[in-house]
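Participant: Provided herewith is a single structure, encoded as structure tokens, for subsequent inquiry.
The values are calculated or read from the model by the stated rules, or taken from the named source; none is laboratory data. Since the model is a prediction, treat every value here as computed from it, not as a measurement. Don't worry about glycine lacking a Cβ; one is built from the backbone with ideal geometry, like all the others, and counts go over all protein chains shown.
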Amino acid sequence: MTLELSAVMAARDVDVTFSVGPAETIALMGPNGAGKSSVLQALSGLVKPDAGHASLGGRSLFRSGADAAWLPPHERGIGSLAQEPLLFPHLNVLENVAFGPRSRGANKTAAAQKAWQWLAEVDAADLAGRKPAQLSGGQAQRVALARALATDPQLLLLDEPMAALDVNTAPFLRSLLKRVLAGRSAIIVTHDVLDALMLADRIIVMEQGRIVEMGPAATVLSHPRSAFAASLAGLNVLTGILHGSSVMTDDAGLVAGRLAGSMGGASQAGGMSEESPGRDATNALAAFPPSAVSVFLDPPQGSPRNCFAVHVTALEPQGDHIRVRAGRLAADISPAAVADLSLVPGDAVFFVVKAAEVVLYPA
């Protein structure tokens, strides 16, 4: 189901053109005020562009000109998930999720069956009889996701769905989204590089209402061409398989850290919070900032640390520090440290980072 969009919104200074392929997830990124949410509002029918067109699966959502057309929001086949769950407070969870199918003509029994199906899919069937006021933030967002999916949307729009969640909840919703977005067309607005890495096939970067960069997620983050993408790209991210409080990677060995949402030192993989979707999460990301990395000419002694044997590929001045690049990894150290180590590209060095600085994200 392909989406084609070209939209101009003069009052918001937005002018964009892009497409979303069948079963493709796009991460729409950029600084605040870049126009990302305006794009979602135009697609969902909440804002009418001054010019342009959009089609979903060959069906026109809107178009300007002599043959202008405008499809109402409820006829577009688009589901939405926002920062806040926006559940109907007077309805219980089952009734909230059944609302979409009912509004599309399903009878009460069929709507309830569809609601039960999607509540089970997001591991929230046990919440069916509760009112929204009785739900935690993560539970409410899972119910909102079930409600969005219960109408079988051709396109799913997610506007920073994890922004309002606490650090204990967001990783589990991210893992859940990875599962339910498989095989679907979706656009997710996010400021989080981990959302882009885990959920998106492509990244589109917007600045001042215009698209300034787009491409595969890994390419945009490894070779950024825009200021915003460059600001994201510094995060060191290694992928692998979760083993307790470590991730076994193909190229860097065992990386120790703490599970996302834990406070303090490394956590155990067991003991998921009540927000967990309750499924085994074996794939994982290990993430840490370049500022947490120390550089040594010889392996350090002392407390257990993550130690990576690397070769320096580039030295990049960045403000008051030097970014030392070594393939996919980067370290930020002072100019004095670079001079003391006499670093030049090609040098064999050791990147060292404490386990407490590494956050593990089940994928």
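Participant: Taking into account only those residues within the range 55-89 that are basic (Lys, Arg) and buried (at least 18 other Cβ atoms within 10 Å of the Cβ), which is farthest from ALA170 (Cα to Cα)? Steps first, answer last, please.
Facilitator: We begin by selecting, within the range 55-89, every residue basic (Lys, Arg); these are 59, 63, 76.
Applying the additional criterion that residues be buried (at least 18 other Cβ atoms within 10 Å of the Cβ) yields 63, 76.
Values: ARG63: 37, ARG76: 29 Å.
Going through the qualifying residues, I end up with ARG63.
Participant: Now for a separate question. Has the range 163-177 got any residue that is crowded, with 19+ Cβ neighbours inside 10 Å and under 13 Å from THR25 (Cα atoms)?
Facilitator: Yes, the range 163-177 has at least one match.
Participant: While we're here: I'd like to check something: does the range 103-121 contain any residue that is closer than 17 Å to THR169 by Cβ, of a type outside the set (A, V, I, L, M, F, W, C), assigned by TED's automatic domain parsing to the domain that holds VAL8 and buried (at least 18 other Cβ atoms within 10 Å of the Cβ)?
Facilitator: Scanning the range 103-121 turns up no residue that is closer than 17 Å to THR169 by Cβ, of a type outside the set (A, V, I, L, M, F, W, C), assigned by TED's automatic domain parsing to the domain that holds VAL8 and buried (at least 18 other Cβ atoms within 10 Å of the Cβ).
Participant: Give me the residue from the range 311-328 that is surrounded by 20 or more Cβ atoms within 10 Å (Cβ to Cβ) and in contact (Cβ under 8 Å) with a residue 24 or more places away in the chain and, out of that set, nearest to ALA292 (Cα to Cα).
Facilitator: VAL324
Participant: Then there is this: Listed residues ALA269, ALA331; which is outside the structural domain of MET198 (by TED's automatic domain parsing), at pLDDT below 90 and surrounded by 16 or more Cβ atoms within 10 Å (Cβ to Cβ)? If you could, list the steps in order and put the result at the bottom.
Facilitator: On the way: ALA331 fails: at pLDDT below 90.
Selected residue: ALA269, the only one of ALA269, ALA331 that is outside the structural domain of MET198 (by TED's automatic domain parsing), at pLDDT below 90 and surrounded by 16 or more Cβ atoms within 10 Å (Cβ to Cβ).
Participant: For residues in the range 287-304 being of a type in the set (S, T, N, Q) and touching a strand residue (DSSP E or B) at 6+ places or on another chain (Cβ under 6 Å), which is modelled with the highest pLDDT?
Facilitator: SER294
Participant: So, in the range 336-363, of the ones that are acidic (Asp, Glu) and free of Cβ contacts under 8 Å to residues at least 60 places away in the same chain, which residue ends up farthest from ALA200 (Cα to Cα)? I'd like the intermediate steps shown before the answer.
Facilitator: At the first step, the residues of the range 336-363 found to be acidic (Asp, Glu) are 340, 347, 357.
Then drop every residue that is not free of Cβ contacts under 8 Å to residues at least 60 places away in the same chain, which leaves 340, 347.
On the way: ASP340: 41, ASP347: 35 Å.
The extreme case among them is ASP340.
Participant: Another question about this same structure. With (1) surrounded by fewer than 19 Cβ atoms within 10 Å (Cβ to Cβ); (2) of a type in the set (D, E, K, R); (3) closer than 30 Å to LEU315 by Cβ as the list, and GLU213 as the residue in question, which single condition is left unmet?
Facilitator: Exception for GLU213: condition (1).
Condition check ((1) polar (S, T, N, Q); (2) closer than 25 Å to GLY77 by Cα; (3) modelled with pLDDT of 95 or more) across all residues:
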residue: THR109; (1), (2), (3): yes, yes, yes
residue: LEU156; (1), (2), (3): no, yes, yes
residue: LEU165; (1), (2), (3): no, no, no
residue: ARG179; (1), (2), (3): no, yes, no
residue: HIS191; (1), (2), (3): no, no, no
residue: ASP195; (1), (2), (3): no, yes, no
residue: ILE204; (1), (2), (3): no, yes, yes
residue: ARG210; (1), (2), (3): no, no, yes
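Participant: Name the one entry in LEU87, LEU91, LEU40 that is under 30 Å from ASP123 (Cβ atoms), aliphatic (A, V, I, L, M), part of a helix (DSSP H, G or I) and assigned by TED's automatic domain parsing to the domain that holds HIS191.
Facilitator: Testing whether each residue is under 30 Å from ASP123 (Cβ atoms), aliphatic (A, V, I, L, M), part of a helix (DSSP H, G or I) and assigned by TED's automatic domain parsing to the domain that holds HIS191 leaves just LEU40.
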